[in-house]
1. In the range 225-238, how many residues are in contact (Cβ under 8 Å) with a residue 60 or more places away in the chain, farther than 15 Å from A203 by Cβ, of a type outside the set (S, T, Y) and assigned to a strand (DSSP E or B)?
2. Could you check the range 151-171 and list, in sequence order, the residues that are touching a helix residue (DSSP H, G or I) at 6+ places or on another chain (Cβ under 9 Å) and within 12 Å of the ligand (Cβ to nearest atom)?
3. Tally up the residues in the range 296-325 that are over 20 Å from L278 (Cβ atoms) and either near the ligand (Cβ under 7 Å from one of its atoms) or of a type in the set (G, A, S) (or both), please.
4. Of the residues R300, R273, R291, which single one is of a type in the set (K, R) and surrounded by fewer than 21 Cβ atoms within 10 Å (Cβ to Cβ)?
5. Would you check which residues across the range 177-193 are surrounded by fewer than 24 Cβ atoms within 10 Å (Cβ to Cβ) and either within 19 Å of M347 (Cα to Cα) or small (G, A, S) (or both) and list them?
6. Go through (1) modelled with pLDDT of 95 or more; (2) over 24 Å from R321 (Cα atoms); (3) assigned to a strand (DSSP E or B) for A175 and report which single condition fails.
7. For V110, all conditions in the list (1) within 15 Å of L25 (Cβ to Cβ); (2) free of Cβ contacts under 8 Å to residues at least 12 places away in the same chain hold save one; what is the number of the exception?
Amino acid sequence: MTDPGRHAGDSSFVSVVVGAGAVGLSAAVVLADFGDVVVIEATTPSDEPPTRWGFSARTVALHGASRALLDSFGRWAALDAHPIRGMHVWEVDGTAAIRFSDPGGLAWVVDNAVLEGELHAQAIACGVRVVRPATVQSIESGDSKAGWTVSYTARDTGAAEKVEADLVVGADGAASTVATLFDVKRERVGRAQWAIATIAKSAERHGDVAHQRFNRDGPVATLPLGDPHLSSVIWSADRERHLALRSLDAAAFSSALSDAMESLMTVADVDRRFAFPLIPAYVRTTTPANRVVLVGDAARTLHPLAGQGLNLGLEDVLGLREVLVKGAPSSAWGRYADDRRARSRFMLTFLSGLLETYRGQGPFTRLLRNIGVRAIDSSPRVKAQLVREAMGLGPLGQVGLS
Ligand SMILES: Cc1cc2nc3c(=O)[nH]c(=O)nc-3n(C[C@H](O)[C@H](O)[C@H](O)COP(=O)(O)OP(=O)(O)OC[C@H]3O[C@@H](n4cnc5c(N)ncnc54)[C@H](O)[C@@H]3O)c2cc1C
């Protein structure tokens with residue numbers, strides 16, 4: 001990537017971030033240290049009203065590295081993050097389970113809408129201009145010293161507007177317009193699934209423990225929330241099972257969830273349910289043109305079984321900051337692109353392998369799996385290492401991070 005034009009840190013350096021999700025807003029806060037920032041977002045927070053119990057469609061588990069980044073913005077305390085102190089993973093009809101615990105917290109659960117609200121406030125406090133609701137339509141080579149002209153349409157007035165940018169950050173999610181405009185292809189890794197997300201109210205207290213049961217066709221997982229009787233749920237399955245689950249009313253779904261959680265949770269009720277496809281894929285390049293970068297879900301989409309989508313998106317933001325701190329030379333952009341691609345591919349391959357391992361139902365496969373799981377569960381050292389990996393702190397967690 002050649003690097004003409006103004007440099008990060010010049011007083012006139014302008015970044016345009018497309019998308020005000022958690023990743024785009026985090027990028028904006030970081031970029032504000034290097035010049036002016038404009039964020040363009042298609043929606044307003046009121047487009048997605050909270051559910052009956054006051055949650056958004058997404059509650060996310062953040063690991064230690066993400067927590068540190070949000071802490072550095074001074075917004076961690078306001079997020080009301082709930083710690084996961086224990087984790088219990090097992091398989092349907094299995095004879096072995098793995099249990100993790102850390103009284104200080106293995107990870108922290110936050111509501112994505114609360115996170116976006118706090119990041120939005122922080123971006124404004126850093127002098128970022130947020131334009132919303134407005135949809136980016138085109139990105140063309142700029143004729144001024146700035147590299148790009150970003151054109152967008154304001155939803156309320158229908159007016160077409162433009163902004164000049166030295167750097168364009170595509171943080172516009174899985175159906176990224178920025179990726180489409182630069183003709184970036186995505187590579188699929190593993191099978192597509194479908195998921196249902198909701199909040200469950202249980203008779204028992206969750207005890208700050210997250211659960212994940214691997215069914216034959218995908219995992220069902222719960223994350224503990226601030227109310228000791230509420231947990232968020234993601235139930236992933238193949239299409240046929242997914243459609244059957246979607247057709248259930250709240251009482252029947254609660255009952256199916258209680259069965260899936262075996263004796264661990266008696267589900268009394270569930271909140272609104274959201275259904276969505278899971279298409280694991282990553283972009284062939286995260287830097288499709290000079291000073292155009294794709295981050296977050298615009299760069300890859302992961303199965304939620306390991307809760308890593310947002311965590312990886314925040315890693316992208318940290319990587320971006322490193323490039324700019326170095327003065328954004330071509331070599332740093334090249335390194336960034338290679339690292340992020342390697343990290344995406346590694347995580348997607350790992351998650352796909354895990355899903356396939358749990359699909360194998362032959363008696364020998366199941367025996368081997370149960371022996372392996374029991375061996376891991378009885379080894380504190382191996383478990384401690386797995387926890388470090390899940391927190392993004394172990395050697396595997398560093399693949400693609402230089
Ligand atoms: C139910 C669920 C649970 C999850 N749990 C976890 C978890 O436990 N841990 C974890 O790390 N991850 C989790 N994830 C994944 C995580 O939520 C995502 O990876 C992350 O939120 C993606 O953030 P983003 O900012 O990249 O994209 P998004 O949140 O999708 O934001 C993209 C934004 O771009 C805007 N936009 C799109 N096109 C345009 C355009 N042309 N012009 C202007 N704006 C545009 C959109 O309106 C949107 O606001 C979960 C996901 C789901 C669905």
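The values are calculated or read from the model by the stated rules, or taken from the named source; none is laboratory data. Computed from a predicted model, the values in this text were never measured in an experiment. Please note: Cβ atoms are built from the backbone with ideal geometry, for glycine as well, and neighbour counts cover all protein chains shown.
1. The first filter runs over the range 225-238 and keeps only residues in contact (Cβ under 8 Å) with a residue 60 or more places away in the chain, leaving 225-226, 230, 232, 234, 236.
Still in the list and also farther than 15 Å from A203 by Cβ: 225-226, 232, 234, 236.
Within this subset, residues satisfying the condition of being of a type outside the set (S, T, Y) are 225-226, 234.
With the extra rule that they be assigned to a strand (DSSP E or B), the set shrinks to 234.
So the count comes out to 1.
2. Let us first name the residues in the range 151-171 that are touching a helix residue (DSSP H, G or I) at 6+ places or on another chain (Cβ under 9 Å), namely 167-171.
Passing the criteria: V168, V169, G170, A171.
3. 1
4. Numbers: R300 fails: surrounded by fewer than 21 Cβ atoms within 10 Å (Cβ to Cβ); R291 fails: surrounded by fewer than 21 Cβ atoms within 10 Å (Cβ to Cβ).
Testing whether each residue is of a type in the set (K, R) and surrounded by fewer than 21 Cβ atoms within 10 Å (Cβ to Cβ) leaves just R273.
5. Filtering the range 177-193 down to residues surrounded by fewer than 24 Cβ atoms within 10 Å (Cβ to Cβ) leaves 177, 180-193.
Passing the criteria: K185, R186, E187, R188, V189, G190, R191, A192, Q193.
6. Every condition holds for A175 apart from (3).
7. Status for V110: all satisfied but (2).
Condition check ((1) β-branched (V, I, T); (2) assigned to a strand (DSSP E or B)) across all residues:
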{"position": "H88", "(1), (2)": "no, yes"}
{"position": "D93", "(1), (2)": "no, no"}
{"position": "R99", "(1), (2)": "no, yes"}
{"position": "G105", "(1), (2)": "no, no"}
{"position": "V110", "(1), (2)": "yes, yes"}
{"position": "L115", "(1), (2)": "no, no"}
{"position": "H120", "(1), (2)": "no, no"}
{"position": "G127", "(1), (2)": "no, no"}
{"position": "V130", "(1), (2)": "yes, yes"}
